[in-house]
Amino acid sequence: MRTRRKALAFTLMVVAAGAAKLQLDPAPVKLSMQPERVRTCETPVATVVEWDASAIRVGSVKLEVNNLGRPPKLWVQAGRRGSAETGAWAHDGYTVTLKTPDGRVLARRTLTTEPCG
């Protein structure tokens, strides 16, 4: 009985790890954010986001944004490739998430800051 539980636990871990990988990296997609790193005294900052999900079979993608401690919200719904510029509202921990229309996460980028010195 104990061996059966261990085998089941191991199987569940493998399935969960595989599902997590599929969730975050199902195909070669590209997502970039410029800048990705700024000095704290330069925030809030505008960012330029570019994406390319043309390697997967979806008609469109959506990008969600959120600052640290805030819930994600839909920012852009567009074609598989494109770019968009934000206003100057990105702070440390600001995250852009690229998703399929059904909500599957394809890629994620987060703005980080360094001290102003």
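The values are calculated or read from the model by the stated rules, or taken from the named source; none is laboratory data. The shown structure was predicted, so the numbers you read here are calculated from the model rather than taken from an experiment. Quick reminder, even Gly has a Cβ in these numbers, built from the backbone with ideal geometry, and neighbours come from all protein chains shown. When the accessible area is computed, the model is the full protein with side chains, heavy atoms only, and any ligands, DNA or RNA have been set aside. Shrake-Rupley method; radii C 1.70, N 1.55, O 1.52, S 1.80 Å.
Structure notes:
- Looking at segment 69-117, the strands (runs of 3 or more DSSP E) lying wholly inside it that each contain 1 or more residues that are within 20 Å of Val45 (Cα to Cα) and open to solvent by 80 Å² or more (accessible area, probe 1.4 Å) sit at 73-78, 81-85, 105-110.
- Residue tally, condition open to solvent by 40 Å² or more (accessible area, probe 1.4 Å) and either farther than 16 Å from Ala90 by Cα or part of a loop (DSSP other than H, G, I, E, B) (or both), over segment 24-34: 5
- Val38 vs. criteria farther than 14 Å from Thr97 by Cα and assigned to a strand (DSSP E or B): yes
- Selection of segment 35-68 for residues being of a type in the set (Asp, Glu) and open to solvent by 60 Å² or more (accessible area, probe 1.4 Å) yields Glu36, Glu42, Glu50.
- Any hit, segment 97-105, residues being of a type outside the set (S, T, N, Q) and in contact with a helix residue (DSSP H, G or I) (Cβ under 6 Å, 6 or more places away or on another chain): yes
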